[in-house]
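Colleague: Below you will find the structure I want to go over with you.
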Amino acid sequence: MPFPPSRVEELFQVAAKEGRLAHAHLLTGAPPAELESLGRGLAANLLDADLEGHPDFFILQPESKSRRVSIAQVRQLEHSLSRKPHRAPLKVALILEAERMCLPPAESANAFLKTLEEPPDHSLLILTSDRPEQLLPTVRSRCLTFPILPDQNPSPIHGIDDLTRQWAQSSEPTALAAYRRASLLQSFLLSTRDRLSTQISSEEEDEGEENESAQSANLAGQLVRIREDIITHLIRSAWTRAESNLRPEVVQEVDALEKLRFALARNIDQTLAIEVCCLRIAGLT
């Protein structure tokens, strides 16, 4: 289930106090800027100091024009982590947009696996990625993952209030309610696609744009973003209904919606993914 950033900070503090921190953590689910901010905050709390110029804090992020993480960057980080801490009890490395080290042929990620498997003593790794499906399975499996509930509200969407209201009303744990929810979400996505397609066609006609492939690419890109926002709205709606009480059915709903987000990012058939999601929410699969 996704965690509010404040909850992740609390979990890190408790784990650090009890000596139970994992050696590698993956933050995902929120936009890159929010993940970076949370990662920096966690590092600052662990080091109990300002990160600026701190000798025990290291940051790794894409630097080349192709936005890849190079093997040279990975080697430099490994060398830095191999040394003893200077001021703090441990060294902390923040790896931003970790999926960028997994771009084919994924040489950087493969080079980094040794550090993930056997991290140097007194070191802790924090990886961030808003596209965890692009990470190598061997990278994901070696990290303790924290899906993050975005701080920022998703963009307003036409009709989203009606969708969330009807979605909440179909909460019975039955197959009929599950398929009612699936039909509701599928219909909303299709109507959103039709409305957006009409809008893009009108805008590009006004600009004299006649490239159909460019129009299709524009539509596909915007639909992915809006679909993400729709799922985020449904997750926020579930948390709101919970009123801070983590009832099992709320956790189950949020977990199913997160799995739907992940499935759609992997290009699994949308209709099938939505049906499975709704059956999971109803506890039928």
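The values are calculated or read from the model by the stated rules, or taken from the named source; none is laboratory data. All figures in this text were calculated on a predicted structure; none of them were measured in a lab. Note that each Cβ is placed from the backbone with ideal geometry, even for glycine, and that neighbours are counted across all protein chains shown.
Colleague: Looking at region 9-34, which of the residues that are over 24 Å from Pro120 (Cα atoms), part of a helix (DSSP H, G or I) and not charged (D, E, K, R) is farthest from the chain's Cα centre (by Cα)?
Modeller: In this case the residue turns out to be Ala33.
Colleague: Looking only at region 26-51, count every residue that is out of contact with any Cys (no Cβ under 6 Å at 6 or more places or on another chain) and either outside the structural domain of Pro85 (by TED's automatic domain parsing) or under 19 Å from Glu97 (Cβ atoms) (or both) and tell me the total. Please lay out each step first, then the result.
Modeller: The initial filter retains those residues of region 26-51 that are out of contact with any Cys (no Cβ under 6 Å at 6 or more places or on another chain), namely 27-51.
Within this subset, residues satisfying the condition of being either outside the structural domain of Pro85 (by TED's automatic domain parsing) or under 19 Å from Glu97 (Cβ atoms) (or both) are 27-43, 51.
Residues in region 26-51 being out of contact with any Cys (no Cβ under 6 Å at 6 or more places or on another chain) and either outside the structural domain of Pro85 (by TED's automatic domain parsing) or under 19 Å from Glu97 (Cβ atoms) (or both): 18 in total.
Colleague: Answer with yes or no whether Thr232 is of a type in the set (Val, Ile, Thr) and at pLDDT 90 or above. Steps first, answer last, please.
Modeller: Working: of a type in the set (Val, Ile, Thr): yes; at pLDDT 90 or above: no.
Taking the combined requirement at face value, the residue does not satisfy it.
Colleague: If only one of Glu172, Glu117 is charged (D, E, K, R) and in the same structural domain as Leu42 (by TED's automatic domain parsing), which one is it?
Modeller: On the way: Glu172 fails: in the same structural domain as Leu42 (by TED's automatic domain parsing).
Result of the check over Glu172, Glu117: Glu117.
Colleague: Give the residues of region 63-115 that are among the aliphatic types (A, V, I, L, M) and in a loop (DSSP other than H, G, I, E, B), sorted by residue number.
Modeller: So the first thing to find is which residues in region 63-115 are among the aliphatic types (A, V, I, L, M), and the list is 69, 71-72, 74, 77, 81, 88, 90, 92-96, 98, 101, 103, 106, 109, 111, 113.
Result: Val69, Ala88, Leu90, Leu96, Leu103, Ala106.
Colleague: Taking only region 35-62 into account, find how many residues are buried (at least 18 other Cβ atoms within 10 Å of the Cβ) and either assigned to a loop (DSSP other than H, G, I, E, B) or among the acidic types (Asp, Glu) (or both).
Modeller: 3
Colleague: Does any residue in region 85-113 that is assigned by TED's automatic domain parsing to the domain that holds Pro62 come within less than 6 Å, Cβ to Cβ, of a residue that is of a type in the set (Lys, Arg) six or more places away or on a different chain, and which pairs are these?
Modeller: Pro85/Lys91; Glu99/Arg131; Arg100/Arg67; Arg100/Arg68; Leu103/Arg68
Colleague: Being within 18 Å of the chain's Cα centre (by Cα), in a helix (DSSP H, G or I) and surrounded by fewer than 19 Cβ atoms within 10 Å (Cβ to Cβ) is the filter here; which residues of region 257-272 pass it? Don't jump to the end; show me each part of the working.
Modeller: Start the filter on region 257-272 by keeping residues that are within 18 Å of the chain's Cα centre (by Cα), which leaves 257-268.
Next cut, in a helix (DSSP H, G or I) only: 257-265.
Matches in region 257-272: Lys259, Phe262, Ala263, Ala265.
One line per residue, one yes/no per condition, for (1) of a type outside the set (Gly, Ala, Ser); (2) in contact with an Asp or Glu (Cβ under 9 Å, 6 or more places away or on another chain); (3) assigned to a helix (DSSP H, G or I):
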| residue | (1), (2), (3) |
| --- | --- |
| Pro147 | yes, yes, no |
| Pro150 | yes, yes, no |
| Ile157 | yes, yes, no |
| Asp162 | yes, no, yes |
| Tyr179 | yes, yes, yes |
| Leu184 | yes, no, yes |
| Ser187 | no, no, yes |
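Colleague: Among the residues of region 1-25, count how many are in contact with a helix residue (DSSP H, G or I) (Cβ under 7 Å, 6 or more places away or on another chain) and of a type outside the set (D, E, K, R). Walk me through it before giving the result.
Modeller: Taking region 1-25 as the starting set, the residues that turn out to be in contact with a helix residue (DSSP H, G or I) (Cβ under 7 Å, 6 or more places away or on another chain) are 1-2, 5, 8-9, 12-13, 16, 21, 24.
Now drop any that are not of a type outside the set (D, E, K, R), which leaves 1-2, 5, 8, 12-13, 16, 21, 24.
Number satisfying all stated conditions: 9.
Colleague: Restricting the search to region 136-154, which residues are surrounded by 12 or more Cβ atoms within 10 Å (Cβ to Cβ) and at pLDDT below 75?
Modeller: Pro150, Asp151, Pro154
Colleague: Take Leu51 and tell me if it is over 13 Å from Lys91 (Cα atoms) and either small (Gly, Ala, Ser) or at pLDDT 90 or above (or both).
Modeller: Answer is no for this residue.
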